[in-house]
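Encoded as structure tokens, the structure appears first; notes follow it.
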Protein chains: 2
Amino acid sequence: MNDNSPLPTASAPGRKPTISREDIVAAALKLVGPHRSVSTLSLREVAREAGIAPNSFYRHFRDMDELAVALIDLAGQSLRRLIGEARRRANHDRSVVRSSVEAFMEQLRADDGLLHLLLREGTVGSDAFKRAVDRQLNFFEEELRQDLIYLADINRTGLFEPALTAKAITRLVFALGATAMELSAEKQHELTEQLVLMVRMIVTGTQTMAITGTPDSETRDNRRLELL
Amino acid sequence: MNDNSPLPTASAPGRKPTISREDIVAAALKLVGPHRSVSTLSLREVAREAGIAPNSFYRHFRDMDELAVALIDLAGQSLRRLIGEARRRANHDRSVVRSSVEAFMEQLRADDGLLHLLLREGTVGSDAFKRAVDRQLNFFEEELRQDLIYLADINRTGLFEPALTAKAITRLVFALGATAMELSAEKQHELTEQLVLMVRMIVTGTQTMAITGTPDSETRDNRRLELL
DNA sequence: CACTTGTCTATACAGTTGTCTATTAATACT
DNA sequence: AGTATTAATAGACAACTGTATAGACAAGTG
């Protein structure tokens with residue numbers, strides 16, 4: 001799907017590249033910390049960090065936006081790894097919700113800068129940037145959706161609008177995860193506990209609504225759901 | 001609480017200001033659209049828009065961060081107005097959830113640029129900026145919490161962890177609202193419907209959990225909540 | 001009136017940014 | 001060998017940034 005690098009099979013004439021896209025990406029990653037956003041990165045700054053002339057940047061990326069998208073895709077891989085990890089831990093000793101949320105927060109603390117991108121910069125930056133983030137989030141949502149269906153099945157519990165449920169959980173966890181980046185360890189732990197309960201609310205809600213059903217325009221007399 | 005403007009009572013000697021903080025704020029607001037973020041605004045650009053010399057900016061704000069905080073506070077007022085509006089509409093013909101979400105989305109479309117700030121730039125920018133956004137969000141959460149308690153009371157329905165519920169709803173609505181800014185009208189409508197259902201999930205969840213209770217470390221054998 | 005005080009502007013400076021135009025260096029093919 | 005092709009660089013350009021300095025203007029006070 002990603003044919004960014006030229007085919008290495010046919011040895012093209014000309015000078016061998018002394019630096020690769022990955023090197024530039026690595027340099028950019030060293031610059032974006034929890035306090036720097038990609039949008040504040042300048043081309044020259046990245047080139048400086050990578051130890052190349054500013055103009056050499058253009059050999060590998062059209063502009064900074066393209067670099068940003070590459071970073072996002074990289075963060076997406078990290079995210080995919082995270083999902084696998086959470087899934088692996090799930091059916092063991094703890095609840096799925098708890099272990100997933102904890103895996104998420106842990107990964108957030110671990111690979112400094114990578115996952116942060118998806119959380120922080122989804123709302124800012126160029127359109128290409130935003131679309132890239134949204135794409136990664138959709139991957140996440142889709143995997144979560146399948147997990148939810150699977151779990152609801154083996155638990156013999158209902159599931160109201162799996163896609164919507166997955167989206168709600170994803171966006172909530174990501175939104176709150178973004179605020180957690182620069183929190184103290186205790187505060188992070190506290191936030192994790194809050195997130196676990198919040199996700200449980202959504203899950204409980206989706207299960208309950210699968211039973212009671214939603215009040216559509218016809219059944220307006222369902223007073224409880226009507227008011228709240 | 002906000003004593004930014006000097007006391008107008010004592011007529012200070014010196015030249016009368018030809019421009020006010022509000023004028024600069026207005027100029028900045030004209031610049032930040034759905035595609036511009038405050039962090040990309042430059043001091044000179046704002047001064048240019050306001051029709052003053054770059055240095056005159058310093059008479060009113062220490063730096064751009066201070067302007068940004070002023071913008072956030074302004075957006076907070078808009079938000080407070082929004083809450084009142086939603087509350088006023090609530091006990092009428094539609095459900096609280098639906099009318100609130102719709103009021104939110106409507107306001108989002110209406111006061112171009114103001115509310116966007118809170119949604120978009122909460123994750124980016126200086127620390128002062130982030131703290132200002134967080135403060136406004138906390139106001140919102142607190143009001144929502146009280147509303148939830150009130151509604152749960154008159155509906156004779158339980159409410160599990162009101163503060164947490166309010167936080168979950170707030171963050172979810174804001175996170176998804178942020179993505180809605182540059183969507184087509186149909187897509188916005190679709191998102192509104194999704195949000196209504198998502199919030200209903202949370203509300204239903206919090207009500208159900210108030211009855212069944214949460215599984216703490218002692219009651220690990222509650223299999224349904226354990227797995228999901 | 002002179003005098004002080006605060007507001008605003010003009011000018012300038014050093015720094016940074018993105019990008020253009022050569023020019024050099026290194027590899028592969030003939 | 002020579003040559004073509006590509007990578008990387010150096011240097012320069014115009015535009016822009018934040019800010020320092022100094023001076024001009026207007027209002028209030030004595």
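The rows are residues; the columns are (1) within 11 Å of DNA strand C (Cβ to nearest atom); (2) modelled with pLDDT under 95; (3) in contact with a strand residue (DSSP E or B) (Cβ under 8 Å, 6 or more places away or on another chain).
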site	(1), (2), (3)
B:N2	no, yes, no
B:G14	yes, yes, no
B:T18	yes, yes, no
B:D23	yes, no, no
B:A50	yes, no, no
B:A53	yes, no, no
B:F57	yes, no, no
B:D63	no, no, no
*Restricted to the range B:29-44, and to residues that are near DNA strand D (Cβ under 8 Å from one of its atoms) and assigned to a helix (DSSP H, G or I), which residue is farthest from B:S78 (Cα to Cα)?*
B:R44
*Find the residue count for the range B:86-110, including only residues that are modelled with pLDDT under 75 and not in a helix (DSSP H, G or I).*
4
*Scan the range B:65-75 and give yes if some residue there is in contact (Cβ under 8 Å) with a residue 60 or more places away in the chain, within 13 Å of chain A (Cβ to nearest Cβ) and not aromatic (F, W, Y), otherwise no.*
no
*(1) modelled with pLDDT of 95 or more; (2) more than 10 Å from DNA strand C (Cβ to nearest atom); (3) crowded, with 18+ Cβ neighbours inside 10 Å: which one isn't true of A:V32, the others all being true?*
(1)
*How many of the residues in the range A:35-44 are touching a residue at least 12 places away in the same chain (Cβ under 8 Å) and within 13 Å of DNA strand C (Cβ to nearest atom)?*
5
_Residue, modelled with the lowest pLDDT, within the range A:149-164, restricted to residues that are out of contact with any Leu (no Cβ under 6 Å at 6 or more places or on another chain) and part of a helix (DSSP H, G or I)_ = A:I154
*Starting from residues that are more than 17 Å from the chain's Cα centre (by Cα) and more than 8 Å from chain A (Cβ to nearest Cβ), keep the ones in the range B:159-181 and report whichever is farthest from A:L195 (Cα to Cα).*
B:L159
*Looking at A:L119, A:L71, A:L114, which one is of a type outside the set (D, E, K, R), within 21 Å of A:E190 (Cβ to Cβ), away from DNA strand D (no atom under 16 Å from the Cβ) and out of contact with any Asp or Glu (no Cβ under 7 Å at 6 or more places or on another chain)?*
A:L119
*Residue check: is A:G125 out of contact with any Gly (no Cβ under 6 Å at 6 or more places or on another chain), among the small types (G, A, S), at pLDDT 80 or above and over 19 Å from A:T165 (Cα atoms)?*
no
*May I ask you to verify whether B:G177 is assigned to a loop (DSSP other than H, G, I, E, B) and small (G, A, S)?*
no
*Does the range A:45-57 contain any residue that is within 17 Å of A:K130 (Cβ to Cβ), in contact (Cβ under 8 Å) with a residue 12 or more places away in the chain and part of a loop (DSSP other than H, G, I, E, B)?*
no
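The values are calculated or read from the model by the stated rules, or taken from the named source; none is laboratory data. Every value quoted in this text rests on a predicted model; they were computed, and no experiment measured them. Don't worry about glycine lacking a Cβ; one is built from the backbone with ideal geometry, like all the others, and counts go over all protein chains shown.
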